[in-house]
Every structure is written in C-alpha cells, then in structure tokens.
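The block underneath contains the structure these notes are about, expressed in structure tokens.
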Amino acid sequence: MLEVRDLHSGYGEALVVRGVSLDVAQGEIVAVLGRNGMGKTTLIRSIMGLTPPQVRSGSITWRDESLLGLRPHDIAGRRIAIVPQGRRLFPSLTVTEHLTMLKGARAKDGWTLERVFGLFPRLAERRHHRGGQLSGGERGMLAVGRALMIDPELILMDEPSEGLAPVMVQHLEGIVRDLKREGLSILLVEQNLYSALAVADRVYVLETGQVVHQADAAALAQQTDVLFVRLGVS
Ligand SMILES: Nc1ncnc2c1ncn2[C@@H]1O[C@H](COP(=O)(O)OP(=O)(O)OP(=O)(O)O)[C@@H](O)[C@H]1O
Ligand SMILES: [Mg+2]
C-alpha cells in the first residue's frame, strides 16, 4: 500500500535519509528501529510531506499514487495520519478540542469522538482538561486519538513509547494491536526494541539514513543479538 523507493531526504546540504526503500501492506505493522539521530523522524516527516526536510530523490507511493510534492493536508486527505514525536499538543486546548479541531464532533462513518473515548476511557474522563494538564500517558493517548479522527488507513507513529512508564507502553502496544485487528496499517518508529518486537510484523533497522537490516519480527525475536549490535542496546 505504501511503497518507499530509494528515498533521499535531508536538510540543506546534509543528506540524512540516504536511499531508504520500504513497504507497508494493508493491515501490517512495520517497525523502523534505530538509535538517536539515525534519520527516523526525517523519514516519517518526508512521507507525511512535512518540511523541512526536503526530499531530494526517490519515490513515495501510496495506493499507486505518488505523494511527492503533496502538502501534509492533502496527504491526510488520503487517509494517512501522523503521531508526531513529542506529541505536539496545544497546552491551552482541551482534550475534546484537540480531537475535534480537524473534523468537528459530528457523527460520521469511522472514527468519532465517542469511539475514541471508548478506546481511551481515560481521555473521556479528562475531556475538559487542557493539553498542558495531561500526564505523559494521557498525552500519548490523545496524540493517537487525534490521528484516528481523520479516519486513517495508515498511521505513522514516531516513538509513541518515548518517555512513558512501562505500564503505559504496554497499554499502547495493546491499542496498536487493536488497530491492526481493525485493518489499519501502522509504520512505527521506535528506539524501544522490545516494544517494537511486541507488535510489529516486520522490522527495518536504520543506521545513518540507510536500511542495514530487515526481517520478520518473529525471526528477529529469536536473534536479538543482531539487533543489540545494530542498535547499541546492551
Ligand atoms: N531541522 C533540522 N535541520 C537540520 N538538521 C536536522 C534537522 N532535524 C534533524 N536534523 C539532523 O538529521 C539527523 C537525523 O535526525 P532525525 O530527527 O531524523 O533522527 P531520529 O532517528 O528521529 O532521532 P531520535 O531518535 O533522536 O528522534 C540528525 O543528525 C539531526 O541533527
Ligand atoms: Mg526522531
């Protein structure tokens, strides 16, 4: 469904993503693993049409249509959503305002406010709280809920487990599995090896902007020593 081929992308003179190719099929969870500064966010932002970075060459194809040159808004209109690194919430907007700012609370096919609150009862309890008053876990839920409100077929998640307590990471893993069961595709960027292996079907390892390893998650779980070396995990 998503097809990235020989993608080069970077900032000014600096090429950060250097020839990445990857695929995400319908209903598949694909993890991109890599240490700090390896180009994970640059890759995600390039797919979403966010600038900077600037895409230099290669292709990004979604349902047989090129996404290159489209604005983020147009890409969202093609049902691709992003859960950005650091969540990017608005401190002064309430939970409900975050969820409805893109399409209003009107009932619609697909994701509604009530359905997001069903998935995250905690957000329902906090619906009148402002972004700045939420805990890390609640912020993570809100970022995922906001992405769902555009009725995505593909969600790009940039380190959703970052800064979360283990129990919240597990909760989020459960949510990701639920979404997969509903047929959504997820491109999951992670530094957290175990969290990625817990949910992913396939894994790509990114090192200085290049894919240095790819495998089925089940196979990788049997040989984590490869990943330890690649990711500098000990
Ligand atoms: N706006 C920017 N301008 C210039 N260079 C940037 C910019 N954003 C990132 N870079 C550089 O690009 C490289 C890759 O950054 P990127 O944010 O893609 O890494 P990452 O894998 O997402 O890291 P992390 O795990 O820390 O989020 C780094 O060397 C970084 O300094
Ligand atoms: Mg990043």
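Would you mind finding the one in G140, G145 that is more than 16 Å from ligand 1 (Cβ to nearest atom) and small (G, A, S)?
Working: G140 fails: more than 16 Å from ligand 1 (Cβ to nearest atom).
That would be G145, the only listed residue that is more than 16 Å from ligand 1 (Cβ to nearest atom) and small (G, A, S).
Can you tell me which residue in segment 147-165 is surrounded by the fewest Cβ atoms within 10 Å (Cβ to Cβ), limited to those that are in a loop (DSSP other than H, G, I, E, B) and within 12 Å of ligand 2 (Cβ to nearest atom)? Outline the logic, then answer.
Here is the first cut: in segment 147-165, the residues in a loop (DSSP other than H, G, I, E, B) are 149-153, 159-165.
Next, from what is left, pick out any that are within 12 Å of ligand 2 (Cβ to nearest atom): 159-160, 162.
Working: E159: 20, P160: 29, E162: 16.
My answer is E162.
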message: Looking at segment 15-37, I want the residues that are in contact (Cβ under 8 Å) with a residue 24 or more places away in the chain and among the small types (G, A, S) and have a partner that is within 16 Å of ligand 2 (Cβ to nearest atom) and not in a strand (DSSP E or B) with Cβ atoms under 8 Å, at least 6 apart or on another chain. Which pairs are those?
response: G19/G209; A31/A196; G34/K40; G34/Q191; G34/L231
task: Answer yes if at least one residue in segment 114-121 is away from ligand 2 (no atom under 16 Å from the Cβ), under 27 Å from E65 (Cβ atoms) and not aromatic (F, W, Y), and no otherwise.
output: no
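When segment 1-57 is examined, which residues are found to be among the hydrophobic types (A, V, I, L, M, F, W, C), more than 17 Å from L154 (Cβ to Cβ) and within 16 Å of ligand 2 (Cβ to nearest atom)?
Of the residues in segment 1-57, the ones among the hydrophobic types (A, V, I, L, M, F, W, C) are 1-2, 4, 7, 14-17, 20, 22, 24-25, 29-33, 38, 43-44, 47-48, 50, 55.
Next cut, more than 17 Å from L154 (Cβ to Cβ) only: 14-17, 33, 38, 55.
Once the filter is applied, which keeps residues that are among the hydrophobic types (A, V, I, L, M, F, W, C), more than 17 Å from L154 (Cβ to Cβ) and within 16 Å of ligand 2 (Cβ to nearest atom), segment 1-57 yields A14, V16, V17, L33, M38.
Scan segment 21-39 residue by residue and report those that are within 23 Å of L184 (Cα to Cα) and either of a type in the set (A, V, I, L, M) or near ligand 1 (Cβ under 6 Å from one of its atoms) (or both). Step through it out loud before you land on a result.
First pass over segment 21-39, keeping only residues within 23 Å of L184 (Cα to Cα): 21-33.
Passing the criteria: L22, V24, A25, I29, V30, A31, V32, L33.
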- request: Would you please name the residue that is farthest from V211 (Cα to Cα), looking only at residues in segment 40-86 that are of a type outside the set (S, T, Y), within 16 Å of ligand 1 (Cβ to nearest atom) and without any contact (Cβ under 8 Å) to a residue 40 or more places away in the chain?
  value: P72
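Readers should treat all values here as calculations from the given coordinates under stated rules, not as data from a laboratory. Since the model is a prediction, treat every value here as computed from it, not as a measurement. Methodologically, a virtual Cβ is constructed for each residue, glycine included, from the backbone with ideal geometry; neighbour enumeration extends over all protein chains shown.
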